[in-house]
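Asks: The structure under discussion is supplied below as structure tokens; questions concerning it will follow.
The values are calculated or read from the model by the stated rules, or taken from the named source; none is laboratory data. Computed from a prediction, not measured in an experiment: that's the story for all the values here. All Cβ positions, even for glycine, are placed from backbone atoms using ideal geometry, and neighbour counts span all protein chains on display.
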Amino acid sequence: MEKEFRILILEDLPSDAELAQKELKKFLKTFVVKVVDTEKGFIQALEKFKPDLIISDYHLPAFDGLSALRITREKSSLIPFIIFTGSINEETAVECIQAGADDYVIKESIIRLAPAVLGAMEKKKTERERLNAIQALRESEVKYRNLFTQIADPVFVFAKRDHCFLDCNQSALDRYGYTLEELRDMTPYQLHHSEEQAEVDQRIDDEFDTSLHRYTHLTKGGEDIQVEISTTPIEYEGQEAWISIARDITERLQAEEALRKSEENYRGLFENALVGVGISNASGKVIATNKTMSKMTGYSLEEFSGVNIRDTYVNPESRKRLLEIMNRDGLVENFDVQLLNSEGEKYWASLSVKLITYGGEDAFLTSALDITDRKMAEKLLAHSHELMTYVIEHNQSAIAVHDRNLNYIYVSKKYLDVFKVKDSDVIGKHHYDVFPDLPQKWRDVHQEALVGKVSSAEDDPFPREDGTVDWTRWECRPWYEADGSIGGIIIYTEVITERKEEEKEKELLLKQVQQANERLKFLTRELINSQEEERKRISRELHDELGQALTAITLDLKIIERALDPETDQVIAQRISETRVIADEIDQKISELALDLRPSLLDDLGLIPTINWYVERYAKRAEVEIKLEVNDQEKRLSSEIETALYRIIQEALTNVARHARAKKVKLRLDQQPETVTLTIEDDGRGFDLDELQNTGSSPQGLGLTGMKDRLSLLGGRLDIQSKPGEGTRIEIEIPF
């Protein structure tokens, strides 16, 4: 039966005693209380009630808490004693604590009663256990004397007063190499290195605690020993002493260091592995991950605590399949799966999973390699392969790919059709087995390609079995392995028979067109020459015949006019005079018409005098300022070129007068050893050249067409530059 917990309350006010009991009930389940308010009652309760806890007021009418405390401590130091008072000054509180009170509580702060009581009880419990241990040690001193001498660990006893060694066991003598007499002249700190001696001295002065401490001891022979020391106070031969057990942990520390380094190495391998590594339990919770796994998934180990592995699979069926393989084989290797990272983004990983024991429980060791780039590359490669197949199948060429042994590894459908291969399943078969009668010419081409030569032909006859001949365009070239070696050959063949026939037809048509063009040029030249000859003839007839007739008429009219009698009718004289004026005007216009048709200067004196004459005449009539520049010419040009240049100048200046509204015109004629260049520039209103060329039917457009026709017959070049409002520039170049 559990002993009742007894509480003695020294209090003269019943209300305060009840208040304390009420507070005690809040944190103590069962207890018995006795309340006293006198010294006598207090002493009797100590003897008979035997309290486990004392709560005492400090001020009582005939007694006080400090006296009660002293009485209690004379009897026992293990009964928790709490001062519970209405007020207390700091000096009194300190005095009470020094006298042995475990705590004090002001009644106004009664909520502190619970922690004060519990703390005091725990403190006394610890002290009681310590005293019991000391007592037990003293009682068992004889019992353990044999253990002292026989224990495997070195044991030292040294005096508390002067710290000199008093005794040691045989293990200490054997391990450290000293005799007992030598040790009795030494203190514990002499077994330590100099850097530890100050600490050991301080610990001895402050009295050792009973916890374990690690030091490096030095044997008589100078050997370092790693020791773990526990020190306990004892009474030895009537004096206070300490007993120290020094366990040699040198080998253990060496093993621990080796284990630590091994663990660091494996941890380094784990953390710095190029693949992601993680450990998860059977429920899918992640227990450990390395840096690569965190980088790959976006989760740190702390963040993984809130994530279940099954939720990271894009397709739950993938995880189901992985677990099926795991249950069947106990191991999963290179399992490609699509997962989600911390941002919800998809990525591909290749997983290998193995069942291990981790922390005493079954766990899954998973290594993960991010293969997103590889998957993308595979996708692109597949797309490229599909695209290549599409391109090959829709290529105009028939394509066949062979290995080094000339076995088929790929053929396009067009290849099978073009060469009329009966067996469409030719992959793996030798080229010459499919075409056993292949001429030696092609076999030589194949062998040359296998040593790196590229052969081709733009149009090559290909005799058929039925006797017909097709024309082909082909190329045979090597293809290369990744290491640069030749892997085989590729043959491209395009049947161009239809194209060859079309080319022949085109050549025939082109020849016919060229002949027609030459005929047209000839006819045009003849037409122009005929026009010029006709102009020359008409001009000459106008000048020689009609001009002379008009001159004769004019002379006759003058004679008649002089022969008239003044007495004659004045009306007749007036009519004769008017007729003579009209005849003169007609004669002048006929002369101008003859010059416009073809000035005789062009035939008699050449182009330059004719241009000078025409420009001067044109400037007067059109009221335009013309600047003419002509370089020195050693000889006259051909009649055909002079006529063409004159007509072009004539047409250009006519266009200026009719359309340009120019004030100034610059005309330059430059004769070089092989060409003659004519440049005509005006400051007129210009025109839209594209619009003029598109319409082509305006007088100005027809004039330009005439220029082009003349130049075409002479192999000349015409360049026109013009914009609205910016004038016009015409440049003509004619080769000799």
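Asks: On the basis of being without any contact (Cβ under 8 Å) to a residue 12 or more places away in the chain and over 18 Å from Trp479 (Cα atoms), does Met376 make the cut?
Replies: yes
Asks: Name the residues in the range 71-86 that are in contact (Cβ under 8 Å) with a residue 12 or more places away in the chain and within 23 Å of Arg130 (Cβ to Cβ), would you?
Replies: Correct list: Thr72, Arg73, Lys75, Ser77, Leu78, Ile79, Pro80, Phe81, Ile82.
Asks: Counting just the residues of the range 187-237 that are at pLDDT 85 or above and among the small types (Gly, Ala, Ser), which one comes out nearest to the chain's Cα centre (by Cα)?
Replies: Within the range 187-237, the match that is nearest to the chain's Cα centre (by Cα) is Ser230.
Asks: Continuing with this model, one more query. Run down His431, His402, His446 and say which single residue is within 29 Å of Glu498 (Cβ to Cβ) and without any contact (Cβ under 8 Å) to a residue 40 or more places away in the chain.
Replies: Of the residues listed, the single one that is within 29 Å of Glu498 (Cβ to Cβ) and without any contact (Cβ under 8 Å) to a residue 40 or more places away in the chain is His431.
Asks: Output the residue which, of all residues in the range 87-103 that are touching a strand residue (DSSP E or B) at 6+ places or on another chain (Cβ under 9 Å) and either in a loop (DSSP other than H, G, I, E, B) or in contact (Cβ under 8 Å) with a residue 40 or more places away in the chain (or both), is surrounded by the most Cβ atoms within 10 Å (Cβ to Cβ).
Replies: The extreme case among them is Ala101.
Asks: Next question. Quickly run through the range 648-681 and pick out the residues that are in a strand (DSSP E or B), among the polar types (S, T, N, Q) and without any contact (Cβ under 8 Å) to a residue 60 or more places away in the chain.
Replies: Residues satisfying the conditions are Gln671, Thr677, Thr679.
Asks: Which one of these is within 41 Å of the chain's Cα centre (by Cα) and part of a strand (DSSP E or B): Ala457, Ala482, Ala400?
Replies: The conditions single out Ala400.
Asks: Now for a different question. So which residues in the range 642-674 are in contact with a Gly (Cβ under 9 Å, 6 or more places away or on another chain), under 20 Å from Arg717 (Cβ atoms), surrounded by fewer than 20 Cβ atoms within 10 Å (Cβ to Cβ) and not acidic (Asp, Glu), if there are any at all?
Replies: Of everything in the range 642-674, just one residue is in contact with a Gly (Cβ under 9 Å, 6 or more places away or on another chain), under 20 Å from Arg717 (Cβ atoms), surrounded by fewer than 20 Cβ atoms within 10 Å (Cβ to Cβ) and not acidic (Asp, Glu), namely Arg647.
Asks: Among helices (runs of 4 or more DSSP H) lying entirely in the range 152-267, which contain 2 or more residues that are within 23 Å of Arg130 (Cβ to Cβ)?
Replies: Where helices (runs of 4 or more DSSP H) fall fully within the range 152-267 and carry at least 2 residues being within 23 Å of Arg130 (Cβ to Cβ), they are 194-205.
Asks: Hey, another quick one. Across the range 294-338, what is the number of residues that are without any contact (Cβ under 8 Å) to a residue 12 or more places away in the chain, over 16 Å from Val277 (Cα atoms) and not in a helix (DSSP H, G or I)?
Replies: Summing the residues that are without any contact (Cβ under 8 Å) to a residue 12 or more places away in the chain, over 16 Å from Val277 (Cα atoms) and not in a helix (DSSP H, G or I) in the range 294-338 gives 1.
Asks: So which residues in the range 336-346 are surrounded by fewer than 18 Cβ atoms within 10 Å (Cβ to Cβ) and either of a type outside the set (Lys, Arg) or outside the structural domain of Asn308 (by TED's automatic domain parsing) (or both), if there are any at all?
Replies: Asp336, Gln338, Leu340, Asn341, Ser342, Glu343, Gly344, Glu345, listed by residue number.
Asks: Mind counting the residues in the range 590-609 that are out of contact with any Ser or Thr (no Cβ under 9 Å at 6 or more places or on another chain) and at pLDDT 75 or above?
Replies: 4
Asks: Continuing with this model, one more query. Only residues that are within 21 Å of Leu323 (Cβ to Cβ), among the β-branched types (Val, Ile, Thr) and surrounded by 11 or more Cβ atoms within 10 Å (Cβ to Cβ): list them for the range 357-374, please.
Replies: Thr366, Ile371
Asks: Right, here's the next one. Within the range 465-480, how many residues are farther than 23 Å from Ile409 by Cα and surrounded by fewer than 17 Cβ atoms within 10 Å (Cβ to Cβ)?
Replies: So the answer is 6.
Asks: If Thr149 satisfies every condition in (1) assigned by TED's automatic domain parsing to the domain that holds Ile234; (2) β-branched (Val, Ile, Thr); (3) in a strand (DSSP E or B) but one, which is the exception?
Replies: (3)
Asks: Taking the condition within 12 Å of Gly276 (Cβ to Cβ), outside any helix (DSSP H, G or I) and either assigned by TED's automatic domain parsing to the domain that holds Gly284 or touching a residue at least 12 places away in the same chain (Cβ under 8 Å) (or both), does Leu355 pass?
Replies: no
Asks: I've got another one for you. Could you please let me know if Val451 is touching a residue at least 12 places away in the same chain (Cβ under 8 Å), more than 20 Å from Thr497 (Cα to Cα) and outside any helix (DSSP H, G or I)?
Replies: Yes, satisfied.
Asks: In the range 385-417, how many are of a type in the set (A, V, I, L, M, F, W, C) and modelled with pLDDT of 80 or more?
Replies: Residues flagged as of a type in the set (A, V, I, L, M, F, W, C) and modelled with pLDDT of 80 or more within the range 385-417 amount to 8.
Asks: Moving on to the next point. Answer yes if at least one residue in the range 672-690 is modelled with pLDDT under 80 and assigned by TED's automatic domain parsing to the domain that holds Tyr646, and no otherwise.
Replies: yes
Asks: Kindly establish whether Asp12 is in contact with a Lys or Arg (Cβ under 9 Å, 6 or more places away or on another chain) and in the same structural domain as Lys107 (by TED's automatic domain parsing).
Replies: no
Asks: With the condition kept exactly as written, say whether any residue in the range 113-132 is part of a loop (DSSP other than H, G, I, E, B), at pLDDT 85 or above and within 19 Å of Ile9 (Cα to Cα).
Replies: No, every residue in the range 113-132 fails to be part of a loop (DSSP other than H, G, I, E, B), at pLDDT 85 or above and within 19 Å of Ile9 (Cα to Cα).
Asks: Within the range 339-352, how many residues are at negative phi and not in a strand (DSSP E or B)?
Replies: Matching residues across the range 339-352 total 4.
Asks: Taking the conditions exactly as written (closer than 25 Å to Glu674 by Cα, modelled with pLDDT of 75 or more and not β-branched (Val, Ile, Thr)), does Glu623 satisfy them or not?
Replies: For Glu623, the condition - closer than 25 Å to Glu674 by Cα, modelled with pLDDT of 75 or more and not β-branched (Val, Ile, Thr) - is not met.
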